[in-house]
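Trainee: The structure under discussion is supplied below as structure tokens; questions concerning it will follow.
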């Protein structure tokens, strides 16, 4: 199986500025992400960023870096520019690994690439995992996904979906957290970024809703390994520090 990993990273995060370079167990967050991606079996791992500080840090730990424009609204747009600048062919499988997922296992990166490799008729592959705590259902920073029986995504939302109309307490078995990893072929990536953002995407601030509005087939499999903590906020970072502390 042949695939490449692209990691979009920006410094100017509104909720946690500079987070790719925050230290975690002796390495920066972005270095953890890069090293996990290298273990996935990808033929190439590329960091796409608009920030010189991230570029410098990535060069120091030996990563391939593509410097992109600062005007991109999403990591997918950033990857699309990097893919084009490196001349990737239309049928190349690209795995988009977010630069704030330092615990995302190499096995899951390879899993989503394998789904794309085995299914020529789908547009995007991703994964989800169970929600373990009731409070996470109502947390807008945790994106929920509802799937069909064949694991095809029906909808993604920051709201608690599905809604338990009659239950006094939501049954956790019905809820899945969507993990921010995507695999697609270059030709679909270009089609996606050329399309305008739809109303639902703008309302929820979830770019995968653009793909659904375009009638894309998105397979969201159960992750074969625990995906860990994605770092969006200061609270997420503190939780990650506590998780890694015993390993320091």
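Trainee: Restricting attention to region 146-158, report how many residues are crowded, with 16+ Cβ neighbours inside 10 Å, in contact with a strand residue (DSSP E or B) (Cβ under 7 Å, 6 or more places away or on another chain) and not in a strand (DSSP E or B).
Mentor: The qualifying residues number 1.
Table: residues versus (1) in contact with a strand residue (DSSP E or B) (Cβ under 9 Å, 6 or more places away or on another chain); (2) surrounded by 22 or more Cβ atoms within 10 Å (Cβ to Cβ).
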residue	(1), (2)
26	no, no
30	yes, yes
33	yes, yes
38	yes, no
42	yes, yes
47	yes, yes
50	yes, no
59	yes, no
65	yes, no
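To keep it simple, each residue is scored yes or no on (1) buried (at least 19 other Cβ atoms within 10 Å of the Cβ); (2) modelled with pLDDT of 95 or more; (3) over 15 Å from the mean Cα position of the chain (by Cα).
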| position | (1), (2), (3) |
| --- | --- |
| 142 | no, no, no |
| 165 | no, no, yes |
| 189 | yes, yes, no |
| 195 | no, yes, yes |
| 204 | no, yes, yes |
| 208 | yes, yes, no |
| 215 | no, yes, yes |
| 235 | no, no, yes |
| 241 | no, no, yes |
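Trainee: Over 30 Å from residue 84 (Cα atoms) and touching a residue at least 60 places away in the same chain (Cβ under 8 Å): is that true of residue 171 in this structure?
Mentor: Here the answer is no, as residue 171 does not meet what is asked.
Trainee: Checking the condition touching a strand residue (DSSP E or B) at 6+ places or on another chain (Cβ under 6 Å) and touching a residue at least 40 places away in the same chain (Cβ under 8 Å), which residue from 231, 142, 218, 161 passes? Let's see the steps before the verdict.
Mentor: Numbers: 231 fails: touching a strand residue (DSSP E or B) at 6+ places or on another chain (Cβ under 6 Å); 142 fails: touching a residue at least 40 places away in the same chain (Cβ under 8 Å); 161 fails: touching a residue at least 40 places away in the same chain (Cβ under 8 Å).
Only one candidate passes the filter, namely 218.
Trainee: Among the numbered conditions (1) more than 25 Å from residue 226 (Cα to Cα); (2) in a loop (DSSP other than H, G, I, E, B); (3) without any contact (Cβ under 8 Å) to a residue 40 or more places away in the chain, tell me where residue 121 comes up short.
Mentor: Among (1) more than 25 Å from residue 226 (Cα to Cα); (2) in a loop (DSSP other than H, G, I, E, B); (3) without any contact (Cβ under 8 Å) to a residue 40 or more places away in the chain, the lone unmet condition for residue 121 is (3).
Trainee: Name the residue, out of 78, 15, that is under 29 Å from residue 202 (Cα atoms) and touching a helix residue (DSSP H, G or I) at 6+ places or on another chain (Cβ under 9 Å).
Mentor: On the way: 78 fails: touching a helix residue (DSSP H, G or I) at 6+ places or on another chain (Cβ under 9 Å).
Only one candidate qualifies: 15.
The values are calculated or read from the model by the stated rules, or taken from the named source; none is laboratory data. Computed from a prediction, not measured in an experiment: that's the story for all the values here. With ideal geometry, Cβ positions are generated from the backbone for all residues, glycine too; neighbour counts draw on all protein chains shown.
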